[in-house]
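A quick write-up on the structure given underneath.
The values are calculated or read from the model by the stated rules, or taken from the named source; none is laboratory data. From a predicted model like this one, the values you see are computed outputs, not experimental measurements. Using ideal geometry, Cβ is built from the backbone for each residue, glycine included, and neighbour counts are taken over all protein chains shown. To get the accessible areas, we keep the full protein, side chains included, count just its heavy atoms, and leave off ligands, DNA and RNA. Shrake-Rupley method; radii C 1.70, N 1.55, O 1.52, S 1.80 Å.
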Amino acid sequence: MPPTHPVIQAIQDAMPPEGTEIYNFYENDVKTLEDVKEYLRTWFIRQPGGYSREWNGAHYTLVMGFRRGFWSHQVFVDTDTGLYIFTCDVEKELDIPPFVTGEFSSFEAVIDDIAAYYAKIIDIVLDPTDLNAFDLSSVNSVCRWSSNFRFFELSAGEEHYRLLAHVARSVRRPTIIDIGHFQGLSAAALSLATEKTVRSFDLISSLPSDPSVPTAIHIPNVRLEIGPNYMRDLPDHLRTSDLVILDIDHLGKSERDIFKVLEEAKFDGLLIVDDIHLNEHMQRFWDDIKQTKYDISSSGRVPLKGARN
């Protein structure tokens, strides 16, 4: 057999033995960046089989990964250049960017890179001072018509729009799903992640009848769909998304229906639920979520905001 490439040999030397028990990252007490790194070190196992993929014209070879449910998270290395990609669900060959790319200088360097990505997704409860640094003014012109515009630029902790802008910029996949468009203020905040497409949905339109009035649908990266068919199309959109915003009628049933769609689609991203303490229906819906969840009301609209991975 030909000798193992030095990059792959270095990975194999650093990895735990094949078959090492893997435990669920999201069901444990992860509080710090070091916690994330420790879980990743245990989570990854060697998978040096013959699987490979093409990326940007280069040939990458599988070197390590882990599986959570039906979702496969794997690291590939281009042995010619030493560059690596960390991606999700590669078996389906989704046409989406990898989560992380970089030079594979060492196993720990890759762990550092991937941990930094996961920390952005998990540790979303920022100091309100940090969130207030986000400038929303560039989309004010499409929000001024709204009866709720007076809330749009309130500080984090008073309103949630700065939180949405931050999370939208932090996630990696190219689609953001906004369920409950209403007057479009959330879609406008999300659109500040300009390299992503915001797909916004609602059953009925609450926009002005005059099409000349600037609204969120005039923002180039916002797509609005009105009508009940979005539930049928949602699983396809989830394939390229790791962020869903759920802000609808707050009666609990529709929220449960959408949550079921996310579960059946094996959605592994971040779900932000609005108004979790608004009434007994929403409180019960929130309490019934068994997956790892965080009440991030202090960074959103106190006390009405929550998130779930």
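Can you find a residue in segment 127-139 that is open to solvent by less than 20 Å² (accessible area, probe 1.4 Å) and either at pLDDT 95 or above or over 30 Å from Thr87 (Cα atoms) (or both)? Show your work before the answer.
Within segment 127-139, the first condition is being open to solvent by less than 20 Å² (accessible area, probe 1.4 Å), and the residues that meet it are 131, 136, 139.
Applying the additional criterion that residues be either at pLDDT 95 or above or over 30 Å from Thr87 (Cα atoms) (or both) yields 136, 139.
Looking through segment 127-139, at least one residue is open to solvent by less than 20 Å² (accessible area, probe 1.4 Å) and either at pLDDT 95 or above or over 30 Å from Thr87 (Cα atoms) (or both).
Give me the residue from segment 205-228 that is touching a strand residue (DSSP E or B) at 6+ places or on another chain (Cβ under 7 Å) and open to solvent by 30 Å² or more (accessible area, probe 1.4 Å) and, out of that set, nearest to Thr240 (Cα to Cα). So that I can check it myself, show each step before the final result.
So the first thing to find is which residues in segment 205-228 are touching a strand residue (DSSP E or B) at 6+ places or on another chain (Cβ under 7 Å), and the list is 205, 216-217, 221-226.
Imposing the further condition that a residue be open to solvent by 30 Å² or more (accessible area, probe 1.4 Å) reduces the set to 205, 217, 223-226.
Working: Ser205: 25, Ile217: 21, Arg223: 15, Leu224: 17, Glu225: 17, Ile226: 20 Å.
Selected residue: Arg223.
Between a first residue in segment 215-234 that is small (Gly, Ala, Ser) and a second residue that is assigned to a helix (DSSP H, G or I) and surrounded by 15 or more Cβ atoms within 10 Å (Cβ to Cβ), which pairs have beta carbons less than 7 Å apart while being 6 or more apart in sequence or on different chains?
Pairs found: Ala216/Val142; Ala216/Ala187; Ala216/Ala188.
Here is a yes/no grid of residues against (1) modelled with pLDDT of 90 or more; (2) in a helix (DSSP H, G or I); (3) more than 19 Å from the chain's Cα centre (by Cα); (4) under 22 Å from Val171 (Cβ atoms):
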position	(1), (2), (3), (4)
Pro214	yes, no, yes, no
Glu225	yes, no, yes, yes
Pro228	no, no, yes, no
Arg232	no, yes, yes, no
Val244	yes, no, no, yes
Ile248	yes, no, yes, yes
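If you check every pair at least six apart or on different chains, which have Cβ atoms under 7 Å apart with a residue in segment 33-46 that is over 14 Å from Phe86 (Cα atoms) first and a residue that is among the β-branched types (Val, Ile, Thr) and in a helix (DSSP H, G or I) second?
Lys37/Ile111; Arg41/Ile111
Which members of segment 193-209 meet the condition of being within 25 Å of Asp249 (Cα to Cα) and of a type outside the set (Val, Ile, Thr)? So that I can check it myself, show each step before the final result.
Our first condition is that a residue be within 25 Å of Asp249 (Cα to Cα); within segment 193-209, this holds for 197-209.
Arg199, Ser200, Phe201, Asp202, Leu203, Ser205, Ser206, Leu207, Pro208, Ser209 - these are the residues of segment 193-209 that are within 25 Å of Asp249 (Cα to Cα) and of a type outside the set (Val, Ile, Thr).
Please determine whether any residue of segment 87-109 is in a helix (DSSP H, G or I), in contact with a helix residue (DSSP H, G or I) (Cβ under 7 Å, 6 or more places away or on another chain), modelled with pLDDT of 75 or more and buried (at least 17 other Cβ atoms within 10 Å of the Cβ).
At the first step, the residues of segment 87-109 found to be in a helix (DSSP H, G or I) are 90-92, 107-109.
Now restrict to residues that are in contact with a helix residue (DSSP H, G or I) (Cβ under 7 Å, 6 or more places away or on another chain): 107.
Those left that are additionally modelled with pLDDT of 75 or more: 107.
Remaining after also requiring buried (at least 17 other Cβ atoms within 10 Å of the Cβ): 107.
Scanning segment 87-109, I find at least one residue that is in a helix (DSSP H, G or I), in contact with a helix residue (DSSP H, G or I) (Cβ under 7 Å, 6 or more places away or on another chain), modelled with pLDDT of 75 or more and buried (at least 17 other Cβ atoms within 10 Å of the Cβ), so the answer is yes.
What are the pairs with Cβ atoms under 9 angstrom where one residue, in segment 174-200, is closer than 19 Å to Arg239 by Cβ and the other, located anywhere, is assigned to a loop (DSSP other than H, G, I, E, B) and among the hydroxyl-bearing types (Ser, Thr, Tyr)? Sequence gap at least six, or different chains.
So the pair list comes out as Pro174/Thr240; Thr175/Thr240; Ile176/Ser191; Thr197/Thr240; Val198/Ser191.
How many residues, within segment 159-191, are charged (D, E, K, R), open to solvent by 10 Å² or more (accessible area, probe 1.4 Å) and not in a loop (DSSP other than H, G, I, E, B)? Steps first, please.
Quick first cut of segment 159-191, residues charged (D, E, K, R) only: 159, 162, 169, 172-173, 178.
Right, trim to open to solvent by 10 Å² or more (accessible area, probe 1.4 Å) and you get 159, 162, 169, 172.
From what's left, not in a loop (DSSP other than H, G, I, E, B): 159, 162, 169.
The total comes to 3.
Restricting segment 140-158 to residues that are open to solvent by less than 20 Å² (accessible area, probe 1.4 Å) and under 19 Å from Val222 (Cβ atoms), which is farthest from the chain's Cα centre (by Cα)?
That would be Ser146.
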